[in-house]
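A quick write-up on the structure given underneath.
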Amino acid sequence: MTTHTTDAPVTPAASHASAAAPAPPAKTVQPPGAGSARLSSGALDLWTLLPLVATVLLLALPVRGAGTPDSGGAHPADLASGVAVLCCLGRLLARRVRPLPAGAVLVAALAVTGFAVATVTASDPVAALPGFVRYLQIFVLVPLAVCLTVRDARGFRLLTAALVLLALVQGFVGIRQFATGTGASYMGEEVRAVGTFGPGDIMGMATVVAYGLLAAVPYALCPPASARRWLRPCALAVTVGLLVALAVSFSRGSWIAAAVAALTVVVLTGRRTATRSLLILGALSVVLVGGFGVGSDMVRERLSSVTDVARAPDRSVNDRYALWEAAGSMWRERPATGVGLKGFPEFRDGHASVGLSSGSDTEGAGQEFRRQSLLSPHNMYLLVLGEQGLIGFVTVVGGWLAVLVASVRALFLARRRRAGAVDCGLVAVGLVVWQTVDFLYSDIGGPTTVLTGVVLGLGAWWALTAPEKAAGA
């Protein structure tokens, strides 16, 4: 076969022009189905979040006797968290990659070491073994599963949306309990909002509502530029509703932690937004409590008790001081390793003062009068110190502090680079700040404990994820 070619004469000028002119940029030709493949990958990433979303939303289910000694067994949310951990482990084994930086692995390894030391040095290591499993679940496995499963800002926002939805459900139940007098007993009236958790887990609803509140506040203050117009007014309405629910929980510790965390988030949004937001929040508080009288007398009494407890402490405050002193005494007896995981109830009476009562009275919200034993000091830091000693305190609390500092640092970095996921950073910082402050007045226990792992995981994800990667949503 003969191939015919036509050679046109090339002039020097034409040759020079063709050499000097830049070549047109080559068009990138995507293979067929590349766009749909990306969409399928994004959808797959969201599907992998379903066990974690289920972990959050299953806490809306009422469980008979939740938070009481006779509740028995694991909550469905704990089972869902186990599924999330197993799914995450399966993906890691299939991909055969090292997904975490060395610093994160070190923090997790130190925590596991602290738990293990407190278990093997306990007076009864077998009895301490369930505590080891529980601590491993809440402070290592669930946070790592969250950190490794959330791939981008879309996944983060999906999980925080689940927190808000759960808070709205529990908050609605709690407000209804307050309005109809069907809540837990408080000051002789059954008006304390406890949601579906019952009076045996008095902090459950307050914890859930606080998480949802701090997940909604950043979107009420400064939603992302790409957000729909309805997001900000909806977030503001959610914030107001959850503020009411938190108020009628009558939980001083949750109030203090929420105030500190919300103030931190407001300050981190910028000077102008912070000034405007503080004025709006102050006006809302005056209108809700002063104008509409949402439990104003009881809220005022509860707030005044925060500063008056030293002068005229009630029975609950006396018990809390006695429990704190007992935890400190346990640590002084065994400063390095503590009395062992799950050891506080066993050693409590030998270290507590005679002023400690045998338990607290609970009733209401569908439960008859019951005397509930005081099995923890209601202070997570003192619980860790008493049961795990300095070794556990440094390894465990040091990890929480590392997550908090790294998440705040990542937020400043994202703001400097004008990343598109600053809202995720504000949510993460608010949640972690709330948890670290609330631990001064509470410890782990009850169905909502698994959410502690989810919150720490969200904070760790933000701390470990570069802002430019987080912006991809």
(1) part of a loop (DSSP other than H, G, I, E, B); (2) exposed (fewer than 15 other Cβ atoms within 10 Å of the Cβ); (3) modelled with pLDDT under 70: which one isn't true of VAL294, the others all being true?
-> (2)
Of (1) at pLDDT 90 or above; (2) closer than 16 Å to VAL265 by Cα, VAL422 satisfies all except one. Which?
-> (1)
Could you list all residues from segment 415-432 that are closer than 19 Å to CYS147 by Cα and either outside any loop (DSSP other than H, G, I, E, B) or touching a Cys at 6+ places or on another chain (Cβ under 9 Å) (or both)?
-> VAL422, ASP423, CYS424, GLY425, LEU426, VAL427, ALA428, VAL429, GLY430, LEU431, VAL432
Just give me the residues in segment 322-357 being buried (at least 19 other Cβ atoms within 10 Å of the Cβ) and among the hydrophobic types (A, V, I, L, M, F, W, C), in sequence order.
-> ALA322, LEU323, ALA326, ALA327, MET330, TRP331, VAL339, LEU341, PHE344, PHE347, ALA352, LEU356
Across segment 216-268, which residue is surrounded by the fewest Cβ atoms within 10 Å (Cβ to Cβ) among those that are among the hydroxyl-bearing types (Ser, Thr, Tyr) and part of a helix (DSSP H, G or I)?
-> THR264
For helices (runs of 4 or more DSSP H) lying entirely in segment 119-186, having 3 or more residues that are within 30 Å of VAL384 (Cβ to Cβ), open to solvent by 10 Å² or more (accessible area, probe 1.4 Å) and touching a Ser or Thr at 6+ places or on another chain (Cβ under 7 Å) picks out 125-136
Selection over segment 378-396 where residues are surrounded by fewer than 21 Cβ atoms within 10 Å (Cβ to Cβ) and farther than 25 Å from VAL317 by Cα yields a count of 3
Boolean, GLY253 is in contact with a His (Cβ under 9 Å, 6 or more places away or on another chain), modelled with pLDDT of 85 or more and among the small types (Gly, Ala, Ser) = yes
Would you point out the residue of segment 326-370, among those that are assigned to a helix (DSSP H, G or I) and charged (D, E, K, R), that is modelled with the lowest pLDDT?
-> ASP349
Are there any pairs with C-beta distances below 9 angstrom linking a residue in segment 224-253 that is closer than 19 Å to GLY171 by Cα and free of Cβ contacts under 8 Å to residues at least 24 places away in the same chain to a residue that is open to solvent by less than 30 Å² (accessible area, probe 1.4 Å) and among the β-branched types (Val, Ile, Thr), with the two at least 6 apart or on different chains, and if so which?
-> ALA235/VAL164; ALA235/VAL217
Pick out the one residue from GLY200, GLY183, GLY212 that is under 20 Å from the mean Cα position of the chain (by Cα) and not hydroxyl-bearing (Ser, Thr, Tyr).
-> GLY212
Can you confirm whether segment 197-212 contains a residue that is open to solvent by 30 Å² or more (accessible area, probe 1.4 Å) and outside any helix (DSSP H, G or I)?
-> yes
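Results for (1) at pLDDT 90 or above; (2) over 30 Å from GLN372 (Cα atoms), shown as yes or no for each residue.
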{"site": "GLY204", "(1), (2)": "yes, no"}
{"site": "GLY212", "(1), (2)": "yes, no"}
{"site": "PRO218", "(1), (2)": "yes, yes"}
{"site": "PRO224", "(1), (2)": "no, yes"}
{"site": "PRO233", "(1), (2)": "yes, yes"}
{"site": "ALA259", "(1), (2)": "yes, no"}
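Which is open to solvent by less than 10 Å² (accessible area, probe 1.4 Å) and in a helix (DSSP H, G or I), of VAL403, VAL450, VAL437?
Exactly one of VAL403, VAL450, VAL437 is open to solvent by less than 10 Å² (accessible area, probe 1.4 Å) and in a helix (DSSP H, G or I), namely VAL450.
The values are calculated or read from the model by the stated rules, or taken from the named source; none is laboratory data. As the structure is a computational prediction, the values presented were derived from the model and not from experiment. FYI the Cβ positions are ideal-geometry reconstructions off the backbone, even for glycines, and counts take in every protein chain you see. With ligands, DNA and RNA removed, areas are computed over all heavy atoms of the protein, side chains included. Shrake-Rupley method; radii C 1.70, N 1.55, O 1.52, S 1.80 Å.
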